[in-house]
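Please read the structure below before turning to the comments.
A short reminder: the numbers here are calculations on the coordinates, not readings from a lab. Predicted model only: the values in this text are computed from it and were never measured. Cβ sites come from the backbone with ideal geometry, for glycine too, and all protein chains shown count toward neighbours.
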Amino acid sequence: MKLSVVIVNYNVSFYLEQCLRSVKKAIQGLQAEVWVVDNHSSDGSLEYLRPHFPWVNFLPNLHNEGFSKANNLALRQCHGEYALLLNPDTIVAEDTLREALRFMEAHPDAGALGVRMLNPDGTSAPESRRGIPSPMTAFYKLTGLCRRFPHHPRLGHYYMGGISWHEPHEIEIVSGAFCLLRRTALSEVGFLDEDFFMYGEDIDLSYRLLRQGYHNYYLPALILHYKGESTRRSSFRHVHVFHEAMLIFLRKHYAHFSFLLLAPLQLAIYLQALLALTRMGFARARHVLGFFPRKRRKSNPLYIFLGRESSLNECRTLAQAHGLEALFVEGSMETLPQGHLSRALSLTPGRETFVVYDTEAYPYSAILQLFTQAPKPKVALGTYDPATKTLITPNEILR
């Protein structure tokens, strides 16, 4: 067995369905297996997905054990020479897994490999390449110096902004949203540290691989990551777990540092968490009390559907049922290869727009390439899958 794909699910059944359909295309011709660990979802994920994906190994958890424990459950049972940790709210381009495996085969020193993760608007997600959050690097991140000087070799090291997006490169931290691991290296350093409930486990694992003498790499192969559908980032729990993970990493790997160095950093982490929680609490309170009502959106978003005639007819029915303002453009990779970048289409600057691609008319690789060619403000990717009759955008799922 060449590859084992491991996905942890928690209440994102339709995003996971889309992810699995993309993975199925990406593993064609490969000796591969797919494992889905369900962390006690309450949305009927297993009941819905099992009949549609009989080739997937589903492992139900009786409780939400966290990201690390769930991944380890599958890692202990899978058989691949390589193991891929993959988030459920992702779309994998058809050629990404082959490119990644070829790179790992050509670089026996590689312990882990990450790829170019795209945001739904086509911009590159900075967490695709990260540096070790040493006390000083973490300090630059927490104080905003990293954001202010993203290409500086020291101040911007957290996101390694000085390296090219278009060339393979050694990096330090591989994101857990797409982390391809050499199984022999994983056996040497051990599985994910289960002290990390969520967040930080990828940093810890990447760091242990480096200390073992392996190298971690970035490869400019593409996936889409919705970022947040599997984790509600606006929740109080998210803020607590995220900052707790930062502290766990520092205590585990930098406990030998001087108290005078670590104490200010730990204080900064607590203050940032407190500030985030205060902002969230204030926003909720004023909304509930009605003192400061939210501003109404000036206009409804525009949906531009691109696809074959049969799919467009289904999308018309869907748009009418949900009251969407929509345009319908017939096209495919053969007849309209430039998609929404075609001169025949003009996007209104500044207007919130979802460009919805028929996934049977355009391969995922082409869709992602089109979006990364020319990202536009307020223009985001949507997909319509005729097989599932489902429209997915970063904001909603419509059926």
### Task
Would you mind counting up the charge near VAL5? Only other residues with Cβ under 14 Å from its Cβ, with Lys and Arg at +1 and Asp and Glu at -1.
+4
### Query
Considering only the other residues whose Cβ falls under 10 Å of the Cβ of ALA185, what net charge follows from Lys and Arg at +1 and Asp and Glu at -1?
+1
### Summary
Interchain or sequence-distant (5+) residues whose placed amide H lies within less than 5 Å of the amide H of ILE171 are ASN216, TYR217, TYR218
### Residue order, fewest to most beta carbons within 10 Å, for ASP95, ASP38
ASP95, ASP38
### Message
Could you compute the net charge surrounding GLY331? Neighbours are other residues with a C-beta less than 14 Å from the C-beta of GLY331; K and R count +1, D and E count -1.
### Response
-3
### Query
Once the range 320-381 is represented by equal point scatterers at the alpha-carbon sites, with solvent omitted, what log10 I(q)/I(0) does the Debye formula produce at q = 0.26 Å⁻¹?
-1.31
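Please give the contour-minus-distance gain from GLN212 to THR184: 0.36 nm per residue of separation, less the Cα-Cα distance, rounded to one decimal in nm.
8.9 nm
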